[in-house]
Amino acid sequence: MKLEKSLSLPVFLSVFFHALLLVLFLGNWNFFKKEEEPYKPHYVTATLVDLKPKAKVQPQQTKEQVLDSKPYEDLKNNKKQDEQRRMEAEALVQKQREQEAKEAAVAEEQKQQKIKEEQAKIAKAKAEKEAAEKKRKAEEEARKAEAAKKTKREQEAQEEQRRIQAAQQKEAKHISDTNDDANTKSYEEMLIERVEQNWSRPPSARRGMEVTLEVNMLPTGVVTGLRIIKSSGDAAFDRAAEQAVRRVDRFTEAMQIPPDIFEKYFRVFRFTFSPEDLRS
Amino acid sequence: MPATENNLSIAHLILNASFLVQVVMFILVLASVISWAMIFQRERYQRKASGAFSYFEKQFWSGIDLNQLYRQGNGRNEMVEGIESIFRAGFKEFTRLRQTAGADSDAVMEGSQRAMRVALAREQEKLEENLPFLASVASVSPYIGLFGTVWGIMVSFLNIANAGQPSLATVAPGIAEALIATAMGLFAAIPAVLAYNKFSARAENLLSNYQTFAEEFSAILHRQVHSK
C-alpha cells in the first residue's frame, strides 16, 4: 500500500492556519478583549457640612460640638457668620420670589388686556369688512388695511410668545436655584475626584479604616485650613489622606461653584477617606 | 481612549520593533509554519500506516495462501510500504533461498530474518522522519524567543536611560514589544512538544507491532522449513 508522503497539502494547511491566526490577532484584536471593567467605587467619600438649621442635622452637630468644643470655638464663630449670611441670602431669595410672583401677576393682567383688545380689534375689523363689502368700491383699500392689521396682530402674538418664554426661563432658573442639592452633589464629586487623583493609599491601609478631614476653602479654591476630625488610628493612613488634600493645594473647580452654593456648602467641607476596595 | 489602544496594537508593536527582534520573530514564525506542516504530514502518514497495518494483518491471518498474498502485492505496481514491505522482503528472500540448491534450513531462516530486519529498519526511518526537527523546534524556540525579549528589553532600557525621564508610558511599549518574541517562541514550541511526544509514541507503537509481526511471520516460515 502506498503511503502519502507529499508535503504540499500539509504546507498549505499550515500556512492557512497561521494566516488565519494572524488575521484574528492583528485585524480583530479587540475581539479578544474583555468588556470594559465596571467603574470601581470611589475610595473617598465626602460629607457636606450643611449649616442649614435642619431638624435632622441639628442634633448631630450639637453632639459633635459637645464632644470637642474647644477646637470648635472658631468654627462656631464661623458658623454664626455663615448663618447670618445664609439668612440674608434666604431673605433675598424670598424677596426675589415675591417679586417674581408680582411680575407674573402683572404679566397675566397685561395678557388678558391684550386679549380683550384683540377681540375688540377683530370685531372692529369685521365691521369694517362688512362695510367694505357693502361699499364694494373700496374693496382693495379695505383688503390692504386688513393685511396691515394682520401683520400687526402677528407681531403682537410673537411679542406675547416671547414674554411667555421669558417667564418660563425665569421659572426654570428659580427651580434650579431652589433645588441646588443636585448641583451641590456634582460639585462635590468634582472635588472628590481631584482628591482621589492625588491620593496614594499607604500599604498599611486596611478595610474599615476611616479618616475624616475638614477643609476650609476660599471661593478661589485655595485651601486655607485642614484638620483631622476623626482619625483612623493609623498614622500613615491619616498622613496619606492629609497629603492628598495638601497636594491638590487649590481646587480650581471651586471657581465654577456659584457663590451662594459655595457659601452654603463648600466653605467648610469634609472628606472621609476609606479604602473600600481593599479585601483584607 | 480607543485611539491610544489602536496605536498600541500588536501589529504596530511588531512593525516598530528593532531589527534584531523582528528577525527573531520571523525565525519563530517560520519555525512554527514548518513544524505545523510537519505535524500535518506526520499525522496523515502515521494514520495511514496504522490503518494499513491493521488491514494487512487481518488479511494475513485470514488463512490466505502466502504465495497469493505475495502475488497480490506484485499486481500493484506502486512501491510497497509499511508492514507489507516487511512481509514481502522476508518472503522474497525465503523463496529465493529455498530455490537455490544446497541451502540448509538454518541458512534460509537466517537470510529471511535478516531481510525482514533491514526492511524494519527502513520502516522505522520512515516513521520517525521529521521528528528530530519537531524536537529541536520544541526545545530551541523558547530560547530564541527569550533572546529576542532580552534584547528588546535591553534596548528599551537604554532608550529610557537616554531619555532621562522614565515613565511607564515610555517603558511599557518597548517591553510589550519584547515580550511578543517570547510569546511567539512559546507559540511555536508548545505544539511542537505535544506533536513530538504524540508522534514518537505512535511510531514506537507501530514499530513494536511490526516487530511482533516479523517474529510471527518468521515462526510460520520456520515451521514451513522444518516440516519438510
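The values are calculated or read from the model by the stated rules, or taken from the named source; none is laboratory data. In this text the structure is predicted, and so the values were computed from the model without any measurement. Glycine also receives a Cβ, built like all others from the backbone with ideal geometry; neighbour counts cover every protein chain displayed. Protein only, heavy atoms only, side chains kept; ligands, DNA and RNA dropped before computing areas. Shrake-Rupley method; radii C 1.70, N 1.55, O 1.52, S 1.80 Å.
Test residue B:74 against the stated conditions and say whether it is over 30 Å from residue B:204 (Cβ atoms) and within 14 Å of chain A (Cβ to nearest Cβ). Show your work before the answer.
Numbers: over 30 Å from residue B:204 (Cβ atoms): yes; within 14 Å of chain A (Cβ to nearest Cβ): yes.
Yes.
Residues to consider are B:47, B:122; find the one that is closer than 29 Å to residue B:225 by Cα, within 13 Å of chain A (Cβ to nearest Cβ), at pLDDT 90 or above and surrounded by 13 or more Cβ atoms within 10 Å (Cβ to Cβ). I'd like the intermediate steps shown before the answer.
On the way: B:47 fails: closer than 29 Å to residue B:225 by Cα.
That would be B:122, the only listed residue that is closer than 29 Å to residue B:225 by Cα, within 13 Å of chain A (Cβ to nearest Cβ), at pLDDT 90 or above and surrounded by 13 or more Cβ atoms within 10 Å (Cβ to Cβ).
Test residue B:29 against the stated conditions and say whether it is within 30 Å of residue B:142 (Cα to Cα), open to solvent by less than 30 Å² (accessible area, probe 1.4 Å) and among the β-branched types (Val, Ile, Thr).
In short, no.
Output the qualifying pairs, or none if there are none: Cβ atoms under 8 angstrom, residues six or more apart or on different chains, first residue in the range A:247-267 and touching a residue at least 12 places away in the same chain (Cβ under 8 Å) and assigned by TED's automatic domain parsing to the domain that holds residue A:196, second residue open to solvent by 90 Å² or more (accessible area, probe 1.4 Å) and of a type outside the set (Gly, Ala, Ser).
A:263/A:85
Can you confirm whether the range B:196-217 contains a residue that is within 18 Å of residue B:23 (Cα to Cα) and polar (S, T, N, Q)? Before you say what the answer is, go through the steps one by one.
So in the range B:196-217, the residues within 18 Å of residue B:23 (Cα to Cα) come out as none.
No, every residue in the range B:196-217 fails to be within 18 Å of residue B:23 (Cα to Cα) and polar (S, T, N, Q).
Is it fair to say residue B:133 is surrounded by 14 or more Cβ atoms within 10 Å (Cβ to Cβ) and away from chain A (no Cβ under 14 Å)? Spell out the reasoning first.
On the way: surrounded by 14 or more Cβ atoms within 10 Å (Cβ to Cβ): yes; away from chain A (no Cβ under 14 Å): no.
When the stated conditions are applied, residue B:133 does not pass them.
Here are some residues: B:160, B:220, B:190. Which one is surrounded by fewer than 16 Cβ atoms within 10 Å (Cβ to Cβ), of a type outside the set (Ser, Thr, Tyr) and in contact with a Pro (Cβ under 6 Å, 6 or more places away or on another chain)? Break it down into steps so the answer makes sense when it comes.
Values: B:220 fails: in contact with a Pro (Cβ under 6 Å, 6 or more places away or on another chain); B:190 fails: in contact with a Pro (Cβ under 6 Å, 6 or more places away or on another chain).
So the residue among B:160, B:220, B:190 that is surrounded by fewer than 16 Cβ atoms within 10 Å (Cβ to Cβ), of a type outside the set (Ser, Thr, Tyr) and in contact with a Pro (Cβ under 6 Å, 6 or more places away or on another chain) is B:160.
Is it fair to say residue A:196 is within 23 Å of the chain's Cα centre (by Cα), open to solvent by less than 60 Å² (accessible area, probe 1.4 Å) and closer than 28 Å to residue A:85 by Cα?
no
Examine the range A:167-175 for a residue that is modelled with pLDDT under 80, touching an Asp or Glu at 6+ places or on another chain (Cβ under 7 Å), open to solvent by less than 80 Å² (accessible area, probe 1.4 Å) and closer than 30 Å to residue A:107 by Cα, and state whether such a residue exists.
yes
Suppose the filter is within 11 Å of another protein chain (Cβ to nearest Cβ) and in contact with a helix residue (DSSP H, G or I) (Cβ under 6 Å, 6 or more places away or on another chain); does residue B:91 pass it?
On the way: within 11 Å of another protein chain (Cβ to nearest Cβ): no; in contact with a helix residue (DSSP H, G or I) (Cβ under 6 Å, 6 or more places away or on another chain): yes.
Here the answer is no, as residue B:91 does not meet what is asked.
With closer than 29 Å to residue A:261 by Cα, assigned to a helix (DSSP H, G or I), open to solvent by 90 Å² or more (accessible area, probe 1.4 Å) and at pLDDT 85 or above as the only criterion, which of A:97, A:153 stands out?
On the way: A:153 fails: closer than 29 Å to residue A:261 by Cα.
Going through A:97, A:153 in turn, just one is closer than 29 Å to residue A:261 by Cα, assigned to a helix (DSSP H, G or I), open to solvent by 90 Å² or more (accessible area, probe 1.4 Å) and at pLDDT 85 or above: A:97.
In the range A:100-111, how many are under 10 Å from residue A:170 (Cβ atoms) and out of contact with any helix residue (DSSP H, G or I) (no Cβ under 7 Å at 6 or more places or on another chain)?
1
Please return the ranges of strands (runs of 3 or more DSSP E) entirely within the range A:190-280 where 1 or more residues are among the aromatic types (Phe, Trp, Tyr), out of contact with any Lys or Arg (no Cβ under 8 Å at 6 or more places or on another chain) and within 30 Å of residue A:92 (Cα to Cα).
Details: elements: A:211-217, A:223-230, A:268-273.
Here the list reads A:268-273.
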